[in-house]
1. State whether the residues of the stretch 163-175 include one that is in contact (Cβ under 8 Å) with a residue 12 or more places away in the chain and not in a helix (DSSP H, G or I).
2. Any residue in the stretch 310-317 that is of a type outside the set (A, V, I, L, M), more than 20 Å from the chain's Cα centre (by Cα) and at pLDDT 80 or above?
3. Find the residue count for the stretch 111-141, including only residues that are in a helix (DSSP H, G or I) and either touching a strand residue (DSSP E or B) at 6+ places or on another chain (Cβ under 6 Å) or among the aliphatic types (A, V, I, L, M) (or both).
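The values are calculated or read from the model by the stated rules, or taken from the named source; none is laboratory data. Note that the coordinates shown come from a computational prediction; the quantities given were computed from them, not determined experimentally. Positions of Cβ are generated from backbone atoms using ideal geometry, with glycine treated the same way; all protein chains shown enter the neighbour counts.
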Amino acid sequence: MNDIARKDQTILQLPKPDKLLILLFALFVGLALWDEPQAMASLWFVWDAVLGVFPFLMLSVLIAAHARASSLDRMIAKAFTGHLAVMIISAAVVGAFSPFCSCGVIPLVAALLAMGVPLSAVMAFWLASPIMDPTMFVMTMGTLGFEFAAFKAVAAVGMGLVGGFSVAALQRFGAFRDPLRQSAAGCGCGAPDVSGKQPIIWRFWGDAARRLMFREATLSNAFFLGKWLVFAFTLESLMVAYMPEGLVMSALGGEGAGPIFLATVIGVPAYLNGYAALPLVSGLIGEGMEPAAGMAFLLAGGVTSIPASIAVFALARLPVFVAYLVLALLGTLIFSFGFQLVM
């Protein structure tokens, strides 16, 4: 009986099939049945594209794994102490360069708000964090170039500052007195330790537990980034093959405000994933999209994508949710037009 119970328990603990991999498999099977030459062309396209970004992929994976194993995430606690203005600035900077994935931001924000951290500082971190992190910077540099990555990092900090100081100004008039929903007040499970009491161990390899953590983080990050990049390059290959010539140029090409406004609006429902969006934007720019429109798509989509918006809505009260969206879109327009002027 015990052996049977252990066997049943082992069966129950088998990992669930990855939905994205199933979708990729189904996509290529369907493509092979419908257009076999394009299926082979897409496979070669993905292979060449992955090889091109492989050095950047591995560098970004190792950066994220080192941050996890060394407990670098606890450095964020230092961003939420001191004078409010200093707190907002440091929160925006830490948010833009902290190694947190989008799924980890929500419980962290809930923990910070539950701890009584001012909403203005949390909003600065909240807006900056989904846009940029060390991994995203390396991947953006690999797909869109250093200038694009550097300005996107500046935009992440800038959007955090715009959001943080705007919320601080509105709070002077009594707004956002109770930002967290009652149902989310106890949220924070899975968030990094923000107490700041645990030390950061830069040379973590002397600790067996941290070496294991590094290895697990490397494998999980490589799998996560790899599958999304393969999916993104697959979509790019289909876009190149089937998109009518001149369609992107007519919709998002050219100069002026129109392409930026349109890309900002499109970025909300069309944004899939930060890493998947990079090669897609690169392909669109290659097809004639205004680079500033590509910047707008990445900025708006990173903060206001439908999954992120749903998570924010579940966590924060309606006035905070509306402010989050408005500030994100406003910041996107400001820095996208700024990128257009600089470039």
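1. The initial filter retains those residues of the stretch 163-175 that are in contact (Cβ under 8 Å) with a residue 12 or more places away in the chain, namely 163-168, 170-171, 175.
Applying the additional criterion that residues be not in a helix (DSSP H, G or I) yields 175.
Yes; the residues of the stretch 163-175 include at least one that is in contact (Cβ under 8 Å) with a residue 12 or more places away in the chain and not in a helix (DSSP H, G or I).
2. Pass one, the stretch 310-317, residues of a type outside the set (A, V, I, L, M): 313, 317.
From what is left, the residues that are more than 20 Å from the chain's Cα centre (by Cα) are 317.
Narrowing further to those that are at pLDDT 80 or above: 317.
So far as the stretch 310-317 goes, yes, one or more of its residues are of a type outside the set (A, V, I, L, M), more than 20 Å from the chain's Cα centre (by Cα) and at pLDDT 80 or above.
3. Going residue by residue through the stretch 111-141, those that are in a helix (DSSP H, G or I) are 111-114, 119-128, 134-141.
Still in the list and also either touching a strand residue (DSSP E or B) at 6+ places or on another chain (Cβ under 6 Å) or among the aliphatic types (A, V, I, L, M) (or both): 111-114, 119, 121-124, 127-128, 136, 138-139, 141.
Result for the stretch 111-141: 15.
This table checks each residue for (1) over 30 Å from L229 (Cα atoms); (2) at pLDDT 80 or above; (3) crowded, with 24+ Cβ neighbours inside 10 Å.
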| residue | (1), (2), (3) |
| --- | --- |
| R74 | no, no, no |
| K78 | yes, no, no |
| V86 | yes, yes, no |
| F97 | no, yes, no |
| S102 | no, no, no |
| A124 | no, yes, yes |
| L127 | no, yes, yes |
| T140 | no, yes, yes |
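One line per residue, one yes/no per condition, for (1) more than 20 Å from A124 (Cα to Cα); (2) surrounded by fewer than 22 Cβ atoms within 10 Å (Cβ to Cβ); (3) at pLDDT 80 or above; (4) not β-branched (V, I, T):
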position	(1), (2), (3), (4)
I260	yes, no, yes, no
A263	yes, no, yes, yes
Y275	yes, no, no, yes
G286	yes, yes, yes, yes
E290	yes, no, yes, yes
A300	no, no, yes, yes
S305	no, no, no, yes
